[in-house]
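Heads up: the structure comes next, in structure tokens.
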Amino acid sequence: MKVGMVCIKTKGRDAGRKVVVLSEPKEGKVLIDGPKVKRKQCNVMHLFPTSESIKIKGNETHEGVLKALKE
């Protein structure tokens with residue numbers, strides 16, 4: 001997992017939604033954010049990586065993440 005990777009959440013209330021990884025893995029968890037998903041820590045085992053990736057900083061705002069996904 002790398003910062004900017006686009007993944008699909010596979011578990012929990014956000015299952016099936018697209019998210020962006022905002023931090024490097026630490027203790028098996030990463031920070032995620034995305035449309036209709038609030039920013040939170042997530043277990044890497046609950047993410048399905050896609051081939052898509054975006055240029056983003058780890059400290060990007062929620063609005064910045066949404067804008068980067070649309071481009």
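Every number here is computed from the coordinates shown, using simple stated rules; none is lab data. In this text the structure is predicted, and so the values were computed from the model without any measurement. Methodologically, a virtual Cβ is constructed for each residue, glycine included, from the backbone with ideal geometry; neighbour enumeration extends over all protein chains shown.
Structure data summary
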{"quantity": "Among residues of the range 12-39, those that are surrounded by 13 or more Cβ atoms within 10 Å (Cβ to Cβ) and either touching a Pro at 6+ places or on another chain (Cβ under 7 Å) or of a type in the set (D, E, K, R) (or both), counted", "calculated": "6"}
{"quantity": "Tally, over the range 4-39, of residues that are of a type in the set (A, V, I, L, M), outside any strand (DSSP E or B) and within 8 Å of the chain's Cα centre (by Cα)", "calculated": "1"}
{"quantity": "Matching residues in the range 27-54 - criterion: being touching a Lys or Arg at 6+ places or on another chain (Cβ under 9 Å) and of a type in the set (K, R)", "calculated": "K36"}
{"quantity": "Identity of the residue in the range 40-68, assigned to a loop (DSSP other than H, G, I, E, B) and of a type in the set (D, E, K, R), that ends up surrounded by the most Cβ atoms within 10 Å (Cβ to Cβ)", "calculated": "E60"}
